[in-house]
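J.: Shown below is the structure under consideration.
The values are calculated or read from the model by the stated rules, or taken from the named source; none is laboratory data. All values derive from a computational prediction rather than experimental measurement. Cβ placement follows ideal geometry from the backbone for every residue including glycine, while neighbour counts extend to all protein chains displayed. Calculation scope for accessible area: heavy atoms of the full protein, side chains included, ligands and nucleic acids excluded. Shrake-Rupley method; radii C 1.70, N 1.55, O 1.52, S 1.80 Å.
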Amino acid sequence: MHYDLCVIGGGIVGLATARALLMAWPGAKLIVLEKEDQLGLHQTGRNSGVIHSGIYYAPGSLKAKLCRAGMARTKEYCQAKGIAFEDRGKLIVATSPLEVERLRALEGRAQVHGIAVEALTGAEISRREPAIEGLAGLHVPSSAIVNYGAVLAAMAEDVRVLGGEIAMGTAPVAIRERMATVELDLGDLSMTTSALIACAGLQSDRVARMAGMDVDFAIVPFRGEYYRLPPHRKGLVHAMIYPVPDPDLPFLGIHLTPMIDGSISLGPNAVLGLAREGYAKGAVSLRDMADELRFPGLWRLIRKNLKSGLDEMGNSLLASRYLAACRKYCPQLEIADLMPMRAGIRAQAVRRDGAMVQDFLVLETARMLHVCNAPSPAATSSLPIADYIAERLLSRLRD
């Protein structure tokens, strides 16, 4: 069977891309291949539900550009589809002199990006959020919360209405690019497509290699562990409360996030995972672990970030340490407030020299486009990412 377009991956980036391609090429024969029996089981369905503003990302980066556009586009899409979201705003709290310096740098970055922010003193933080303490703060009113599962479901319906197919429980075991087509072996059947778009998330490096691409990175899974606060803590905070991030790391730190269902989540941390899709604590995949241990970039990454890695591991092993990280800005939290919540895993591309890929990473051939690094804020940015991919791919096909 032949298709005009094939998208691998049924997460939010894959479905947004399928939707954008069908809108740009009406009548195209398109199929989405999803290896699971449900859509969005991995990064899309296991995040904090935040619509990010883009304040953290380096000026000129794809993350900065697409996140800023994505914030507005996501809210517009939710309004059009009747999906609930709330403009709670984000409060970034500095609790040490070093963090105050970093906070001022973030304020300058916000001005470069054109993002409205409000600088707060410690007293102003306490007046606005009585449960929160800090030396200084930065309020970002445009940040919001949403259920990305609902967004994903709406995108899937759009794809089907536009004439696309979504094949569940289907994944390629071989991909071969030819002069005029891309051939996919799906195990019990085969297909061809004029163009392939891979949005494979935690498996993106493997899919790229399967397709014959020479890649200099590997996906290293970072397990993000969350807690949920008990019902009597509902209303503890109004805004999302974030610590000031370390500019040398891509992780944003353990934060308090009101969820769209009325609960409050706490997390995530970032612990090196031993299974790309193993969400239970202590989960191990022998294949994933062997791939990690053979990858020289992992050992270089560990050497560069040994202290922070040990700190994150300690927070994972001891709930009291996890709590201490949160009590820096929310001192009234108690150990009894940490209720279980399901974990997530971040697909982080790491190069052979041990450097984390900080921006979105897209690799292309004549008939393929692979989204190889799209962690947070990919959910926020999914609609403009999709337009970016569709424009690049279709312009090349038309030439």
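J.: Need pairs with beta-carbon distance below 6 Å; first residue under 19 Å from THR44 (Cα atoms) and within segment 354-376, second assigned to a loop (DSSP other than H, G, I, E, B) and among the aliphatic types (A, V, I, L, M); sequence gap 6+ or separate chains.
T.: These pairs meet every condition: PHE360/ALA374; ASN373/VAL357.
J.: May I pose another question? Residues LEU363, LEU383: which one is among the aliphatic types (A, V, I, L, M), under 19 Å from GLY54 (Cα atoms) and surrounded by 14 or more Cβ atoms within 10 Å (Cβ to Cβ)?
T.: Details: LEU363 fails: under 19 Å from GLY54 (Cα atoms).
It is LEU383.
J.: In addition: Could you identify the single residue in ALA208, ALA195 that is surrounded by 17 or more Cβ atoms within 10 Å (Cβ to Cβ) and part of a strand (DSSP E or B)? Break it down stepwise before answering.
T.: Details: ALA208 fails: part of a strand (DSSP E or B).
Exactly one residue qualifies, and that residue is ALA195.
J.: Please specify each residue of segment 45-60 satisfying the condition of being out of contact with any Lys or Arg (no Cβ under 6 Å at 6 or more places or on another chain) and on the phi < 0 side of the Ramachandran plot. Steps first, answer last, please.
T.: Of all residues in segment 45-60, those out of contact with any Lys or Arg (no Cβ under 6 Å at 6 or more places or on another chain) come to 45-53, 55-56, 58-60.
The answer is GLY45, ARG46, ASN47, SER48, VAL50, ILE51, HIS52, SER53, ILE55, TYR56, ALA58, PRO59.
J.: Another question, if that's okay. Within segment 139-182, work out how many residues are in contact (Cβ under 8 Å) with a residue 60 or more places away in the chain and farther than 23 Å from ARG367 by Cα.
T.: Total satisfying the criteria: 20.
J.: Does VAL151 count as out of contact with any strand residue (DSSP E or B) (no Cβ under 8 Å at 6 or more places or on another chain), surrounded by 15 or more Cβ atoms within 10 Å (Cβ to Cβ) and β-branched (Val, Ile, Thr)? It would help to see each step written out before you state the result.
T.: On the way: out of contact with any strand residue (DSSP E or B) (no Cβ under 8 Å at 6 or more places or on another chain): yes; surrounded by 15 or more Cβ atoms within 10 Å (Cβ to Cβ): yes; β-branched (Val, Ile, Thr): yes.
For VAL151, the condition - out of contact with any strand residue (DSSP E or B) (no Cβ under 8 Å at 6 or more places or on another chain), surrounded by 15 or more Cβ atoms within 10 Å (Cβ to Cβ) and β-branched (Val, Ile, Thr) - is met.
J.: So ALA167 clears everything in (1) open to solvent by less than 30 Å² (accessible area, probe 1.4 Å); (2) assigned to a helix (DSSP H, G or I) except one condition, right? Which one?
T.: Answer for ALA167: the failing condition is (2).
J.: Further question on the same structure: Those residues that are open to solvent by 30 Å² or more (accessible area, probe 1.4 Å) and either touching a His at 6+ places or on another chain (Cβ under 7 Å) or among the charged types (D, E, K, R) (or both), I need them from segment 224-235; list them, please.
T.: ARG228, ARG233, LYS234
J.: Could you list, in sequence order, all residues of segment 249-264 that are in contact with a Leu (Cβ under 9 Å, 6 or more places away or on another chain) and surrounded by fewer than 20 Cβ atoms within 10 Å (Cβ to Cβ)? Show your work before the answer.
T.: Pass one, segment 249-264, residues in contact with a Leu (Cβ under 9 Å, 6 or more places away or on another chain): 254-258, 263-264.
SER263 - this is the single residue of segment 249-264 that is in contact with a Leu (Cβ under 9 Å, 6 or more places away or on another chain) and surrounded by fewer than 20 Cβ atoms within 10 Å (Cβ to Cβ).
J.: Output the qualifying pairs, or none if there are none: Cβ atoms under 7 angstrom, residues six or more apart or on different chains, first residue in segment 47-75 and in contact (Cβ under 8 Å) with a residue 40 or more places away in the chain and within 16 Å of ALA16 (Cβ to Cβ), second residue open to solvent by 50 Å² or more (accessible area, probe 1.4 Å) and of a type in the set (Phe, Trp, Tyr).
T.: Correct list of pairs: LEU66/TYR388.
J.: One residue is enough: does segment 335-348 have a residue meeting the conditions in contact with a Phe, Trp or Tyr (Cβ under 9 Å, 6 or more places away or on another chain), open to solvent by less than 10 Å² (accessible area, probe 1.4 Å), of a type in the set (D, E, K, R) and on the phi < 0 side of the Ramachandran plot?
T.: yes
J.: Still on this structure, please answer the following. Residues to consider are ALA119, ALA123, ALA80; find the one that is of a type outside the set (Lys, Arg), out of contact with any Ser or Thr (no Cβ under 8 Å at 6 or more places or on another chain), assigned to a strand (DSSP E or B) and surrounded by fewer than 19 Cβ atoms within 10 Å (Cβ to Cβ).
T.: On the way: ALA123 fails: assigned to a strand (DSSP E or B); ALA80 fails: assigned to a strand (DSSP E or B).
Among ALA119, ALA123, ALA80, only ALA119 is of a type outside the set (Lys, Arg), out of contact with any Ser or Thr (no Cβ under 8 Å at 6 or more places or on another chain), assigned to a strand (DSSP E or B) and surrounded by fewer than 19 Cβ atoms within 10 Å (Cβ to Cβ).
J.: Can you tell me which of GLY60, GLY70, GLY54 is assigned to a loop (DSSP other than H, G, I, E, B), out of contact with any strand residue (DSSP E or B) (no Cβ under 7 Å at 6 or more places or on another chain) and crowded, with 19+ Cβ neighbours inside 10 Å?
T.: From the options GLY60, GLY70, GLY54, the qualifying one is GLY54.
J.: Another question about this same structure. From the list LYS35, LYS29, LYS75, which one is in contact with a Leu (Cβ under 9 Å, 6 or more places away or on another chain), over 24 Å from GLU225 (Cα atoms) and modelled with pLDDT of 95 or more? Write out each step before concluding.
T.: On the way: LYS35 fails: in contact with a Leu (Cβ under 9 Å, 6 or more places away or on another chain); LYS75 fails: in contact with a Leu (Cβ under 9 Å, 6 or more places away or on another chain).
Being in contact with a Leu (Cβ under 9 Å, 6 or more places away or on another chain), over 24 Å from GLU225 (Cα atoms) and modelled with pLDDT of 95 or more holds for just one of LYS35, LYS29, LYS75, which is LYS29.
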